[in-house]
Number of protein chains: 2
Amino acid sequence: MKEKLTIIKVGGKLLEDDEHIEKLAEYVARLDGSTLVVHGGGAKASEISQRLGFEPKMVDGRRITDAAALNVATMVYAGLYNKKIVGIFQKHNVRTLGMSGADLNSIRARRRTVKSIDYGYVGDIEAVNKRAVKMILKLGVTPVFCAITHDNEGQLLNTNADTISTQLATALAEDYDIRLLFCMDKAGVMLDPDDDQTLIHAMNYAEYKRLKMDEVITLGMIPKLDNAFYALINGVSEVWITGLTELTEAREMTGTRIFE
Amino acid sequence: MKEKLTIIKVGGKLLEDDEHIEKLAEYVARLDGSTLVVHGGGAKASEISQRLGFEPKMVDGRRITDAAALNVATMVYAGLYNKKIVGIFQKHNVRTLGMSGADLNSIRARRRTVKSIDYGYVGDIEAVNKRAVKMILKLGVTPVFCAITHDNEGQLLNTNADTISTQLATALAEDYDIRLLFCMDKAGVMLDPDDDQTLIHAMNYAEYKRLKMDEVITLGMIPKLDNAFYALINGVSEVWITGLTELTEAREMTGTRIFE
């Protein structure tokens, strides 16, 4: 039987309050098997960028990660938030190691260029270094990955945290029985994002397509759900989109469970 | 016979130019035995603090690390510089892991309060987790430590990088044959800091005391040399204060060698 591995992606908004990180740490300390955490931090990075006087660069309505934006992302994701999580997890006796994809060459990416648009220092994942990640997990350590990868040629790259979680999950699915949890500041996928009563408790791909067509599911939720279904199809045992309270405080987890 | 371990402390000023990091990476790639790197970044942190509009807090002429300054230090040391070093080292096939003292609880510190002065979030090292650091070294990995530690109660702390190098060196001296190299933007200790011809090639403690009394050695060099002598007295085999060119480009290392 494969060992259990819980992969938790924590949304950046949750990291703005240390109490949320405390709750997450208590939850991880209680978990059976291994745990791996991935986190974002985009909102904070935008705030720091603005305070440093950098204007967000846009081309054709798409945000471009220029050198200044990459530096800020590296500071906020790999520095501020990553070490805050590590410090609080350690307080709860979770043996934690903060990492970027550059550390141990754990996640190699390629700078994205799509047709005529240069997105700047944004990386699409090419390879997860399974050996390196398994080596850390086997030490009984909880790796905490920030949303920075690299090209193994000395260039750091900004990479979506949902995608990092998904790629880590699918790469490790051969060796571990994986539960992938996308944890955000909402209770899960809802018909009306402002009404918790409209939470969708379970969703399969047919329903997802229908809700997308009806424009009930829009914007940021689409890439997240695309990642969720991709993970399921590629060997991940269990996938949820859930909130912090739903994950850490309920006796039985609630949220939106994703099915093929 | 003990395994060789080279501990290199890199001054923050050297990190402002990527080419310096490339040179260091090439040097580390050539080294026999294990390597561990420690780095600062104070000048850059001050620059970012100012750009964010934080005024440096001073009490009785001493700089205080308030919450805002600690966040900036965490961003610059653990994020920007640490990941830049890791990325460039990986490019040179050095298997590298960036760490703070919070990661794996590797360096535990206590918040400094001296008499009536509260220095803010500044930590004095209480314990190096030898087992954790040795575990990483035994994997054939080069740890790169930034100047952030923690109290294991969830609080990150700003800690001097020279002191971190020294404490790591003395903690590991029982298990490794250690060469400790303080690498900075000068060629070593000089009688006249502006004249490379006045480099002191070797210095013992009696000479250090004399030069300190004569006020030839002043300011920032004093805590560095105090650390250097402390390391020697506490089991470190070889200690140098040197420059990047002197370390990486000379056929035989030059700089100031420290003797008891």
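Working from Cα pairs under 8 Å separated by at least six residues, relative contact order for chain B is 21 percent. Peptide A:150-159 has a mean of 4 when you count, residue by residue, the C-beta atoms of other protein chains within 10 Å of its C-beta.
Counting only other chain Cβ atoms within 10 Å of each residue's Cβ, the peptide B:236-249 averages 0.
Label-to-label distances for B:Val59 across copies, nearest first, come out at 5.0 nm, using points 7 Å from Cα in the beta-carbon direction. For region B:1-151, the equivalent ellipsoid built from the Cα gyration tensor has semi-axes of 29, 20, 11 Å, listed from largest to smallest. Does region A:3-258 come out rounded, prolate or oblate, given a ≥ b ≥ c as the square roots of the eigenvalues of its C-alpha gyration tensor, rounded meaning a/c under 1.5 and, failing that, prolate meaning a/b above b/c? Taking the square roots of the gyration eigenvalues as a ≥ b ≥ c, region A:3-258 is rounded.
Sorted fewest first by neighbouring Cβ atoms within 10 angstrom, A:His39, B:His201 come out as B:His201, A:His39. Label zone of A:Glu238 (point 7 Å out along Cα→Cβ, amide N under 11 Å): in region A:179-196 this covers A:179-181. A DSSP coil position with no more than 12 other Cβ atoms inside 10 Å describes the following trypsin sites (Lys or Arg not before Pro) in region B:54-128: B:Lys115. Dimensions of the protein assembly as shown based on its C-alpha atoms, expressed as ranges along the principal axes with the largest first, amount to 81, 52, 50 Å.
Of the beta bridges in region A:3-258, as assigned by DSSP with both residues counted there, near 35 percent are antiparallel. Rounded to the nearest 20, the size of the Cβ-charge dipole of region B:5-160 about its Cα centre is 420 debye, with Lys and Arg at +1 and Asp and Glu at -1.
Using Cβ point charges alone (K and R +1, D and E -1), the dipole size of the protein assembly as shown about the Cα centre works out to roughly 840 debye.
A short reminder: the numbers here are calculations on the coordinates, not readings from a lab. Nothing here was measured: the structure is a model prediction, and the numbers come from that model. When we count neighbours, we look across all protein chains shown, and the Cβ atoms used for this are built from the backbone with ideal geometry, even at glycine.
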